[in-house]
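What follows is a single structure, written as structure tokens, with notes after it.
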Amino acid sequence: MMTGAKKNVLEAIGWTPIVKLNKVTTGVDSEIYVKLEYMNPGGSSKDRIGGFIMDRAIAAGKLKPGGTIIEGTSGNTGVGLAMWAAVNGYKCIFVMADKQSIEKVNNLKSFGAKVVVCPTDVEPEDPRSYYSVSKRLAETIPNSYYVNQYDNLWNRETHVATTGPEIFEQTKGDFDVYMAGVGTGGTITGVSTYLKTKMPKLTTVGVDVEGSIVAQFARTGDMSGARSYVIEGIGEDFIPENYDFKVIDDWVVVGDKESFLMTRALLKQEGIYTGGSGGSAVVGAIKYAKTLKEPKKILVILPDSGNRYTSKIFNDEWMMSKGYIDSSFNVIIKDLLADLGKVNNQVISITDHATIGDAVKLMEQKSVSQLPVISDGVIKGVLSENGLLKPLFNGEYHLSDSVSLAYSNKYKVVDINDLLSNVADSLLKKEVVLVTDKGQPVNLLTNIDILNYIAKRENM
């Protein structure tokens, strides 16, 4: 063996760095530090439990050589198990909920694993849930082992034996609060269990997500009211056996939107490429820090890598479609016109009895490039400079011809109180948008108006 080398990739798991947050915590007196678990070789903290659990399962005779590992996973535990299976020569079948990112599915398939996708919005005991499907596969496939990270206590023991001691050795116990997002309960329970043996005054705070029942159950014993949420790898609609609520002192609950925005801010402002549950944990830490009467040192676990979410959290179109970030088209037209100083503009129009020459003269006099053609209060079409220039130059139209020959039907009518997004496609196709108020034309919108609006917003 070469000096300094690991004998395989599994030995490279752990000893991830701890770094201080400097920009996203502006306005917070406490110091917030994050442990970058995405720097494990498989890209998440779940690398740790893959090998720890499987080594013990093999030693206990639960799986024979060449057998099949089965697990329900949001993606990260699957990678940890698949990495172990690749090194040790086992097969894998992973069961995932359909809300998980395509990157996670493809990651597992890249290892040669089979992936079964199940619906998200069903109860855990529903036969279609990824919990139920995982159990059923394990019951029907010979020489298989269902890892069951939720109720398998080797999950939390992983962190009692590895992550907790690692953190204490790295920090020498020089922090006051330990925080982590909660899912299976393994990380927060295991790390806290160990650290509290060394740091009796340590406060452990769980970060849960709106829609999950974990924090609610810990506070009140109520397990009702679970609902769907978008963020992955955090929260549960039941209580896994890995939880030991005696070692969790307090709770913070965060939402999807603030978690996603923080995830993006961590990358842009701190250079930290974590996933959505990491964003949740940092939002939770900031919220908790603001409740403290005196500054503390807070250590937060960032579980996985942002590269698993490029089609979602780091995709502007996806974020806009979910309403998590503003689109330039997500504005009421009346407000846009007000920003541009065009609220009281009078629409310059022409009747269908006029000639093309009349239209050209009116465009010149009023310095406009489009003219709605209106007859008896009915919009017939729109004349434009671009639509007239070439036909006049080629002799196809003459100035004495009726405007009825030249107006275009490529326009869209929209009410002044509608969202601009309702006519986004028309604007992108360079069509004219005619704005009406109570059915009467009051303004025209063109691409240049939108560009001016965007420029004005950028300079605000």
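Every number here is computed from the coordinates shown, using simple stated rules; none is lab data. Everything numeric here is computed off the predicted structure, so don't read it as measured data. With ideal geometry, Cβ positions are generated from the backbone for all residues, glycine too; neighbour counts draw on all protein chains shown.
If R0 is 30 Å, the Cβ-Cβ spacing of LEU405 and ILE332 corresponds to a FRET efficiency of close to 0.25. Backbone amide hydrogens, once placed in the peptide plane, bring ASP415 within less than 5 Å of THR436, excluding anything fewer than 5 places away on its chain.
Amide H contacts for VAL432 (H built 1.01 Å from N in the peptide plane; partners 5 or more residues away or on another chain; cut-off under 5 Å): LYS412. Using the Cβ-Cβ distance between SER311 and HIS353 with R0 set to 60 Å, the FRET efficiency from 1/(1 + (r/R0)^6) comes to roughly 0.60.
Working from the Cα coordinates of segment 46-146, the gyration tensor eigenvalues give, after taking √(5λ), semi-axes of 21, 16, 11 Å in decreasing order. Relative to the longest principal axis of the Cα atoms of the chain, helix 46-59 runs at roughly 40 degrees.
What ranking do 72-79, 1-8 get when scored by the average of other Cβ atoms within 10 Å per residue, highest first? Don't jump to the answer; show the numbers that get you there.
Values: 72-79: 27.9, 1-8: 7.8.
Answer by packing, highest mean first, reads 72-79, 1-8.
Against the main long axis of the alpha-carbon atoms of the chain, helix 385-394 sits at an angle near 50°. Positive-end ranking of MET262, GLN216, ALA226 along the dipole of segment 209-363, with charges on Cβ about the Cα centre, is headed by MET262. For THR220 and LEU362, the difference between the fully extended length at 0.36 nm per residue and the C-alpha to C-alpha distance is 43.8 nm. Counted residue by residue at 0.36 nm each, then reduced by the alpha carbon distance between them, the extension gain from ASP29 to LYS246 reaches 75.3 nm.
Would you work out the charge dipole size for segment 279-417 about its Cα centre, treating the Cβ of every Lys and Arg as +1 and the Cβ of every Asp and Glu as -1, and quote it to the nearest 20 debye? Each step should come with its number before you reach the end.
Working: 16 positive and 15 negative charges, 222 e Å.
About 1060 debye.
Charges at C-beta only: +1 for Lys and Arg, -1 for Asp and Glu. How large is the resulting dipole of the chain about its Cα centre, in Debye rounded to 20?
Here the chain has a charge dipole of around 1200 debye.
Within segment 226-268, which residues have the backbone N less than 15 Å from the label spot 7 Å out from THR291 along Cα→beta-carbon, could you tell me? What the label zone holds, given the 15 Å backbone N cut-off, is 248-255.
The gain in end-to-end length when the ALA59 to ASP425 segment is fully stretched comes to 125.6 nm, 0.36 nm per residue minus the alpha carbon separation.
Ordering 257-265, 130-138, 20-28 by mean Cβ neighbour count within 10 Å, with the highest value first, yields 257-265, 130-138, 20-28.
Of the peptides 271-284, 380-393, the order by per-residue mean of other Cβ atoms within 10 Å, starting with the highest, comes out as 271-284, 380-393. In segment 333-458 the Cα-Cα distances spread across 5 Å bins starting at 0 as 2, 11, 21, 23, 20, 13, 7, 3, 1, 0 percent of all pairs. By the count of other C-beta atoms within 10 Å, a proxy for reagent exposure, HIS159, HIS353 are ordered fewest to most as HIS353, HIS159.
Counting every alpha-carbon pair across segment 126-235, the share separated by more than 17 Å comes to 64%.
Before anything else, pin down the relative contact order of the chain: Cα pairs under 8 Å, at least 6 apart, normalised by residue count, whole percent. It would help to have the intermediate numbers written out before the result.
Values: 878 pairs, mean separation 58.2, N = 460.
Rounded, it is 13 percent for the chain.
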